[in-house]
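No value in this document is a laboratory result; all are computed from the given coordinates. Just so it is clear, the structure is predicted and the values come from calculations on it, not from any experiment. Cβ placement follows ideal geometry from the backbone for every residue including glycine, while neighbour counts extend to all protein chains displayed.
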Amino acid sequence: MGKTLSEKVWQDHVVRSADGEPDLLYIDLQLAHEVTSPQAFDGLRQAGRRVRRPELTMITEDHNTPTDDIFAPVADPVSKLQLDTVRANAKEFGLPIHSLGDIDQGVVHIIGPQLGLTQPGMTIVCGDSHTATHGAFGAIAFGIGTSEVEHVFATQTLQQAKLKTMAVNVNGELPEGVTAKDVILAIIAKVGTGGGQGHIVEYRGSTIEALSMEGRMTICNMSIEWGAKAGLVAPDEKTFAYLKDRPYAPQGADWDAAVAYWKTLRTDDDATFDVEIDVDATQLAPFVTWGTNPGQGVPLSATVPAPEDFSDPVDRVAAEKALEYMGLTAGTPMKDIKVDTVFVGSCTNGRIEDLRLAASIVEGRKVADGVRMLIVPGSQRVRQQAMDEGLDKIFTEAGADWRFAGCSMCLGMNPDQLKPGERSASTSNRNFEGRQGKGGRTHLVSPAVAAATAVAGHLASPADLNA
Amino acid sequence: MEKFIQHTGTALPLRRSNVDTDQIIPAVYLKRITKTGFEDGLFAAWRQDPEFILNKPERQGATILIPGPEFGTGSSREHAVWALQNYGFKVIIGSRFGDIFRNNAGKSGLLVAVVPQDVVDRLWDATEADPTLEVTVDLESKTISAGDISTGFDVDDYTQYRLLNGLDDIGVTLTHEDDIAAYEAERPSWKVTTLPLRTQD
Ligand code: SF4
């Protein structure tokens, strides 16, 4: 019987396999950042261990770096301590790092693909749950905890029990104005936040094939939001074209050898998945969340649901709590919901394509009175590219705030936070209670909806601006 | 890591589903560089409410947490496990958990005991009715007993074995160093390396 893509990649990384034990998998690349690494380095130090393969490691600073003035000293003493610590650790253990002020610094899941470090057929881990982003290239990539980070540093392997396989088949042409973000929000609303637990998911079908690499990354990025361990897309000519001539892409004869291998990374026709889900792309619409988990979403044209709409008692209670936290009344049209803040950025939608899309919508328009719009590029390189294209001017002329790269308001670890009761439309991936600041209320949206919302002052699609 | 064989303690029934790791410990509390001291951030947003169950006088000293389904979803932060442990929890009993959280817990010696949701419901009822009810979790036999409730729970065999013996994962893996070296010898030479640093010109 044939194999699925993820089974092929998995098999190529098994160092050791024994009954009743998880497989020991070789890890091709470990990415690290300042928040989830200090305790791992501490563990190594205490045990007198080294990093086994420093050259299979890349570190960046992103989670709590400031994005307003990166050249001023970091004001928050604890953030500063973490940054100082990660730099000292990189030095002590001989690991490559892109620090604040470096052109290749940025959100860990943005810089990997951009530098060409992320390649098909790899195993990639990071102490960060959105590591599945790299799966867009046909890699098995997933988030791990700090103990596992330490384990990979010490052994370049990870103990990992086999996972079940799932296919999400998305077919058909996306209607005008519907983006990759809407596709994944709709999938999560359909299957629920736990729907993917214990699975590696392959996103496939004509819709996925038609997406750009950026769009595929947006989809894979949110795999964890419905519980999947990892999400991946089979590499194709688009993948190879994206990688060609990136700094870390193989060159010359190596490139040919690599591409020859990458081309074998497809699910065989006679392979079977444990679970398959079908999505009709032609029926999708711009999607937004109304609640406090990414599964609580509806089409933008819909109204806020009522707890009674849910038959499962657990969902009903969750909806009640979410509505209370979000300060929303059932039956309210989503488009009547006013926002205070619009955040464009994060590893979900902080790439150049996202900024171009948002800029095309705010161009020649103004951000509504009383709304602040933050544009936070995913990396310094993206920022530079956007400035070369003049996007920064478009944003600042519209009244938006143009920032340096980092995670910023995606998780509110740096000074960019919502105040209690404030409401945002955010292109990030999590609308959890307090995620963007204590008491803050988050609506997850695509970059197109984010930009239109900034102009309208309430949740809106670009089409609404012309109405 | 300390061995985990059996534990008896009082419980904290937490009737909430989808308690993600941002709720267990918000990001602003993640700034330490040690594995201790995270108890302050545990359930930080809810802690300010004196009615929140963790604040109830009769729940002080509880060591077994019984949350609703989809506990520990979201962010990979192992700080969620440390915060629970720093606060004093030894066991989490529930029906469904985020994968990364469950993994992290196993690595740090916090037992995640999986039972069907109807067992959770019965444990909720019993421990809400009597906050002093002692709950015993036995890892060797994979059983939970509390008053007249007696039930099995799931934990994978490998995690059970490691917890019972207090084994450190890295130590176990390093006994297979030869296998790792043999694998490395076969890796294609074109596989990516990050050193020396490269950049776009
Ligand atoms: S942008 Fe947000 S989701 Fe992505 S790595 Fe940073 S904090 Fe995590």
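Kindly state, to the nearest 0.05, the FRET efficiency for B:L167 paired with A:N466, given R0 = 45 Å and r defined as their beta-carbon distance. Before the final figure, lay out the partial values.
On the way: r = 64 Å, r/R0 = 1.41.
So, using R0 = 45 Å, E works out to roughly 0.10.
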### Task
For B:K31, list the lysines whose Cα falls under 19 Å from its own Cα; do not include residues on the same chain fewer than 8 positions away.
A:K80, A:K438
### Message
Can you compute 3J(HN,Hα) from phi for each residue in segment A:180-191, using the Karplus curve 6.51 cos²θ - 1.76 cosθ + 1.60 with θ = phi - 60°, rounded to whole Hz and x for Gly and Pro?
### Response
4, 4, 5, 4, 6, 4, 5, 4, 5, 4, 6, 9
### Neighbour-count order for A:D336, B:D201, fewest beta carbons within 10 angstrom listed first
B:D201, A:D336
### Task
Could you please state, rounded to a whole Å, how far the C-alpha centre of segment A:239-264 is from the C-alpha centre of segment A:19-42?
26 Å
### Message
Please compute, for peptide A:14-23, the average count of beta-carbon atoms on other protein chains lying within 10 Å of each residue's beta-carbon.
### Response
3
### Query
What whole number of Å gives the distance from the Cα centroid of segment A:53-106 to the Cα centroid of segment B:1-77?
30 Å
### Candidate lysines for bridging to A:K190, where Cα separation is under 23 Å - those fewer than 8 sequence places away on the same chain excluded
A:K164, A:K181, A:K229, A:K321, A:K335
### Message
Which of A:E324, B:E70, A:E209 has the fewest other C-beta atoms within 10 Å, and how do the rest follow up to the most?
### Response
A:E324, A:E209, B:E70
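If each residue's Cβ is checked for other Cβ atoms within 10 Å, how do A:M387, A:M413, A:M213, A:M1 rank with the fewest at the top?
Values: A:M387 13, A:M413 27, A:M213 21, A:M1 6.
Sorted ascending by nearby Cβ count, the order is A:M1, A:M387, A:M213, A:M413.
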### Task
Mind jotting down the distance between the C-alpha centroids of segment B:159-201 and segment A:155-181, whole Å?
25 Å
### Task
Give, rounded to the nearest 20 debye, the magnitude of the charge dipole that segment B:6-184 has about its Cα centre when Lys and Arg contribute +1 at Cβ and Asp and Glu contribute -1 at Cβ.
620 debye
### Task
For segment A:350-356, just list the computed ³J(HN,Hα) in residue order, Karplus coefficients 6.51, -1.76 and 1.60, θ = phi - 60°, integers in Hz, with x standing in for Gly and Pro.
x, 8, 4, 4, 5, 5, 4
### Query
Along the positive direction of the dipole of the protein assembly as shown (beta-carbon charges: Lys, Arg +1; Asp, Glu -1; about the Cα centre), which of A:I70, A:T4, A:T60 reaches farthest?
A:I70
### Query
Straight-line reach from B:K35: which aspartates and glutamates have Cα under 12 Å away, leaving out those fewer than 8 places along the same chain?
A:D42, B:E78
### Message
Nothing charged except the Cβ atoms of Lys and Arg (+1) and of Asp and Glu (-1): what's the magnitude of the dipole of segment A:173-319 about its Cα centre? Round to the nearest 20 debye.
### Response
480 debye
## Note on the structure
Farthest towards the positive end of the dipole of chain B, among B:L30, B:L54, B:G147 and with Cβ unit charges of +1 on Lys and Arg and -1 on Asp and Glu, lies the Cα of B:L30
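So if I place +1 on the C-beta of Lys and Arg and -1 on the C-beta of Asp and Glu, and nothing else carries charge, what would the dipole magnitude of the protein assembly as shown be about its Cα centre? I want it in debye, nearest 20. Working shown, then result.
On the way: 62 positive and 92 negative charges, 246 e Å.
Using only the charged Cβ atoms, the result is roughly 1180 debye.
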### Task
In nm, give the distance between the simple-model label positions of A:A253 and B:Q48, each being 7 Å from the Cα along the Cα-to-Cβ direction.
6.5 nm
### Task
Would you pull out the residues with amide H under 5 Å of A:G406's amide H, same chain only if 5 or more places away, H placed 1.01 Å from N?
A:V107
### Query
Given R₀ = 35 Å, FRET efficiency for A:E209-A:K366 by Cβ-Cβ distance, to 0.05?
0.35
